[in-house]
Amino acid sequence: MSSGLIVGEDGLSRCGWHGGLPDYIAYHDDEWGRPQGNDFRLFEKICLEGFQSGLSWLTILRKRENFRKAFAGFDFHQVARFGDAEIVRLLADAGIVRHRGKIEAAINNAARAIELENEFGSLAAYFWSYEPKPESRPGTIDWATVRAMAQTDISKAISKDLKKRGWRFVGPTTVYAFMQAMGLVNDHLEGCAFRSQCEADRQAFSRPA
């Protein structure tokens, strides 16, 4: 792990944070770092990053299907209409993280997401407008570099703007984790078998206008 990589039973080197767990490996291989332009998936991820606060992402990942059922597939148009009855329902749902502040934040953020959609045309257009320019990225994405990038100037700027717009649970570290997962940056390590795949996906991805 000094390189940050783990060689799996299939002989492939991967970013070591998956810890050899099958569901985490699948997430690493198939989702993490792949560019995402679907508004509901973007909203889902930023909400779940908020729910992760104080917990591990693995805990949230294993509850993700429950979260999707509880939050109407993260259709923020529906979530924004949640009221007291839905909050009571969610607080009684053992399949999710039952934290009133985080639940209320997700409902609040749904209304704020609609405002962004109205202003920018889509959440994707808003978030992808912050994609870092290639020249601003580190020349080598190794273990030491990624560990030092828990937050960046851009994640701080997004966090600041979202908070100004009334979003909650969107600190700069949360936002950078969102950027990594949604493919706004490719932080698969050099030597990871999936780094080039994610980069190819990013090259082929049509950035929303």
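The values are calculated or read from the model by the stated rules, or taken from the named source; none is laboratory data. The structure displayed is predicted, hence computed values, not measured ones. Counting neighbours? That spans all protein chains shown, and the Cβs are built from the backbone with ideal geometry, glycine included.
Mind counting the residues in region 73-93 that are farther than 23 Å from A125 by Cβ and assigned to a loop (DSSP other than H, G, I, E, B)?
Restricting attention to region 73-93, the residues satisfying the condition of being farther than 23 Å from A125 by Cβ are 81-93.
Then keep just the ones that are assigned to a loop (DSSP other than H, G, I, E, B); that gives 81-83, 92-93.
Total meeting the criteria: 5.
Can you pull out the helices (runs of 4 or more DSSP H) entirely within region 1-72 that have at least 3 residues that are within 24 Å of A85 (Cα to Cα)?
On the way: elements: 22-30, 39-52, 57-62, 64-70.
In region 1-72, the matching helices (runs of 4 or more DSSP H) lie at 39-52, 64-70.
For region 18-51, how many residues meet the condition of being among the hydrophobic types (A, V, I, L, M, F, W, C), over 18 Å from F71 (Cβ atoms) and in contact (Cβ under 8 Å) with a residue 12 or more places away in the chain?
At the first step, the residues of region 18-51 found to be among the hydrophobic types (A, V, I, L, M, F, W, C) are 21, 25-26, 32, 40, 42-43, 46-48, 51.
Narrowing the set further to residues that are over 18 Å from F71 (Cβ atoms) leaves 21, 25-26, 32.
Now drop any that are not in contact (Cβ under 8 Å) with a residue 12 or more places away in the chain, which leaves 21, 25, 32.
Total satisfying the criteria: 3.
What is the number of the single condition among (1) over 23 Å from Q78 (Cα atoms); (2) in contact with a helix residue (DSSP H, G or I) (Cβ under 8 Å, 6 or more places away or on another chain) that L123 does not meet?
Just one mismatch for L123, condition (1).
Identify, please: which residue in region 1-58 is under 22 Å from S129 (Cα atoms) and touching a His at 6+ places or on another chain (Cβ under 9 Å) and is, among those, surrounded by the most Cβ atoms within 10 Å (Cβ to Cβ)?
If we take residues in region 1-58 being under 22 Å from S129 (Cα atoms) and touching a His at 6+ places or on another chain (Cβ under 9 Å), then G33 is surrounded by the most Cβ atoms within 10 Å (Cβ to Cβ).
So which residues in region 146-173 are part of a helix (DSSP H, G or I), surrounded by fewer than 21 Cβ atoms within 10 Å (Cβ to Cβ) and either touching a Gly at 6+ places or on another chain (Cβ under 7 Å) or among the hydrophobic types (A, V, I, L, M, F, W, C) (or both)?
Residues satisfying the conditions are V146, I154, A157, S159.
Tell me the residue from D84, D93 that is of a type in the set (D, E), at pLDDT 95 or above, out of contact with any Cys (no Cβ under 7 Å at 6 or more places or on another chain) and surrounded by 15 or more Cβ atoms within 10 Å (Cβ to Cβ), please. Before the answer, list the steps.
Working: D84 fails: surrounded by 15 or more Cβ atoms within 10 Å (Cβ to Cβ).
Within the list D84, D93, the selection yields D93.
Taking into account only those residues within region 174-195 that are within 15 Å of the chain's Cα centre (by Cα) and in a helix (DSSP H, G or I), which is surrounded by the most Cβ atoms within 10 Å (Cβ to Cβ)?
V175
If V175 passes every condition in (1) within 17 Å of S53 (Cα to Cα); (2) of a type in the set (V, I, T); (3) touching a Pro at 6+ places or on another chain (Cβ under 7 Å) but one, which one does it miss?
Answer for V175: the failing condition is (3).
For region 120-132, does any single residue satisfy the condition of being surrounded by fewer than 14 Cβ atoms within 10 Å (Cβ to Cβ) and modelled with pLDDT of 95 or more?
yes
Between a residue in region 189-209 that is farther than 14 Å from C15 by Cα and any residue that is crowded, with 16+ Cβ neighbours inside 10 Å and basic (K, R), which pairs come within a Cβ distance under 8 Å, given they are 6 or more apart or on different chains?
Every condition considered, the pairs that remain are D201/R34.
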